[in-house]
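**Q** Just passing along the structure, written as structure tokens.
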């Protein structure tokens with residue numbers, strides 16, 4: 001049986017890499033004694049697949065993984081066994097069984113929402129910067145990985161600013177996993193060009209991952 005799990009990668013483990021997270025979940029599942037299916041071959045692995053890569057330094061409110069079990073199990077029992085062995089920083093939110101033919105997370109997820117917190121006194125500047133970014137016909141940044149200049153404006157779906165507990169949050173919805181994909185470091189570089197420098201950011205995280213089709217956002221747990 002194939003399961004999809006929504007979980008939180010909390011701030012305390014924000015500096016774990018994607019590979020570290022895979023290893024963390026492998027250890028967690030082994031400690032849970034769940035009947036996880038193994039791959040075939042001389043070096044079998046757990047049938048476990050994490051979703052889109054979360055950049056090191058960010059924490060994630062709604063991250064996803066798929067796993068396959070050899071036996072049927074009730075959702076409440078599965079959640080309980082995962083929660084009992086989850087280390088600090090991992091919280092299981094929701095889970096559901098999905099069909100074997102459902103698209104993988106890497107293939108399906110094409111949009112991500114990032115949250116960036118600024119001091120409340122910068123709210124006007126944040127709103128002004130977000131407005132100018134939305135009006136811009138192009139936003140060119142130097143991609144750190146290959147030192148190529150790219151226009152990330154086509155990959156920015158929306159920018160929203162709102163107050164929260166005396167602070168100010170900028171939420172950015174961006175395309176992922178395609179030619180127009182916007183990486184979080186590129187978004188940070190672009191914000192600096194519009195007066196919103198990283199030094200003034202209090203916190204940043206990935207709010208959620210989505211499957212976007214014809215302008216409609218779907219939760220990955222809705223896919224089947």
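The values are calculated or read from the model by the stated rules, or taken from the named source; none is laboratory data. Keep in mind that this is a model prediction, so the values were computed, not measured. FYI the Cβ positions are ideal-geometry reconstructions off the backbone, even for glycines, and counts take in every protein chain you see.
**Q** Just the residues that are touching a residue at least 12 places away in the same chain (Cβ under 8 Å) and part of a strand (DSSP E or B), please, taken from the range 153-163.
**A** Answer for the range 153-163, where residues must be touching a residue at least 12 places away in the same chain (Cβ under 8 Å) and part of a strand (DSSP E or B): 156, 157, 158, 159, 160, 161, 163.
**Q** I'd like to verify a number: residues in the range 110-149 that are surrounded by fewer than 17 Cβ atoms within 10 Å (Cβ to Cβ) and without any contact (Cβ under 8 Å) to a residue 60 or more places away in the chain, how many?
**A** So the count comes out to 19.
**Q** Separate question: Taking interchain pairs and intrachain pairs at least six residues apart, which have beta carbon atoms under 6 angstrom, with the first residue in the range 21-44 and under 16 Å from residue 82 (Cβ atoms) and the second surrounded by fewer than 11 Cβ atoms within 10 Å (Cβ to Cβ)?
**A** Pairs found: 35/71.
**Q** Filter the range 164-183 down to the residues that are crowded, with 19+ Cβ neighbours inside 10 Å and not in a loop (DSSP other than H, G, I, E, B) and list them by number.
**A** Across the range 164-183, the qualifying residues are 168, 169, 170, 172, 173, 174.
**Q** With respect to residue 51, is the statement that it is crowded, with 18+ Cβ neighbours inside 10 Å, in contact with a strand residue (DSSP E or B) (Cβ under 8 Å, 6 or more places away or on another chain), in contact (Cβ under 8 Å) with a residue 60 or more places away in the chain and closer than 20 Å to residue 7 by Cβ true?
**A** In short, yes.
**Q** Inspect all residues belonging to the range 121-136 and state whether any of them is touching a helix residue (DSSP H, G or I) at 6+ places or on another chain (Cβ under 6 Å) and under 24 Å from residue 52 (Cβ atoms).
**A** no
**Q** Still on this model: Can you pull out every residue in the range 96-119 that is at pLDDT below 95 and not in a loop (DSSP other than H, G, I, E, B)?
**A** Selection gives 96, 97, 98, 105, 106, 107, 108.
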